[in-house]
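Notes follow once the structure below has been shown.
The values are calculated or read from the model by the stated rules, or taken from the named source; none is laboratory data. Predicted, not measured: the structure shown is a model, and the values here were computed from it. Counting neighbours? That spans all protein chains shown, and the Cβs are built from the backbone with ideal geometry, glycine included.
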Amino acid sequence: MLTGQLALLVAAVFSGAALYINVAEQPARLELDDRSLLTEWKPAYKHGLAMQAPLAIVGFLLGLAAWWQSDHAGWVLGALLMVANWPVTFFAIMPTNNRLMAIDPASAGPESRAMIERWGLLHAARTALGFAASLAFLWASLS
């Protein structure tokens, strides 16, 4: 079923992007001084949001469509895991994002560094949700 395979593809792309942020981008930026760290984080966050937010919605919609076509629980489970990224972002990650965006890089310091470190841990939840959705979609596609 093409719809399901597309849902799996979108979830895998989302997961790969989220994992890249956690294992490559975040550790690299943490090597920077406080001002450069915040200066780098701000546009990287905006670009990541522009990429990952639509992927979460598209994966959710494709998962629902595959579930409607086949009635396999794996599709709806994967769809729910994909869309769960939205409330996790709004309620858990967004308060940290908003605080970081309000800081002028010229006044960055240990507090902004600690928030970016916390942001990285919070972002790991998005990575986990993406991989869980990918596994649910894989399970449904193999059934």
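Screening the range 65-143 for helices (runs of 4 or more DSSP H) wholly inside it with 3 or more residues that are closer than 25 Å to ALA7 by Cα and modelled with pLDDT of 95 or more returns the ranges 73-83, 110-142.
If the condition is being in contact with a Ser or Thr (Cβ under 7 Å, 6 or more places away or on another chain) and surrounded by fewer than 16 Cβ atoms within 10 Å (Cβ to Cβ), then the range 1-37 contributes MET1, GLN5. In the range 17-54, the qualifying residues are those that are of a type in the set (Asp, Glu) and part of a helix (DSSP H, G or I), and the one that is farthest from THR127 (Cα to Cα) is ASP34. Only one of these is of a type in the set (Phe, Trp, Tyr) and exposed (fewer than 13 other Cβ atoms within 10 Å of the Cβ): TRP68, TRP75, TRP41, TRP86. Name it. Result: TRP68 is the single residue among TRP68, TRP75, TRP41, TRP86 that is of a type in the set (Phe, Trp, Tyr) and exposed (fewer than 13 other Cβ atoms within 10 Å of the Cβ). Looking only at residues that are touching a residue at least 12 places away in the same chain (Cβ under 8 Å), among the small types (Gly, Ala, Ser) and surrounded by fewer than 16 Cβ atoms within 10 Å (Cβ to Cβ) in the range 44-58, which one is farthest from GLY78 (Cα to Cα)? Ranking the qualifying residues of the range 44-58, first place goes to ALA44.
Output the residue which, of all residues in the range 97-130 that are among the polar types (S, T, N, Q) and either buried (at least 17 other Cβ atoms within 10 Å of the Cβ) or touching a residue at least 60 places away in the same chain (Cβ under 8 Å) (or both), is nearest to LEU61 (Cα to Cα). Only one residue tops the list, namely THR127.
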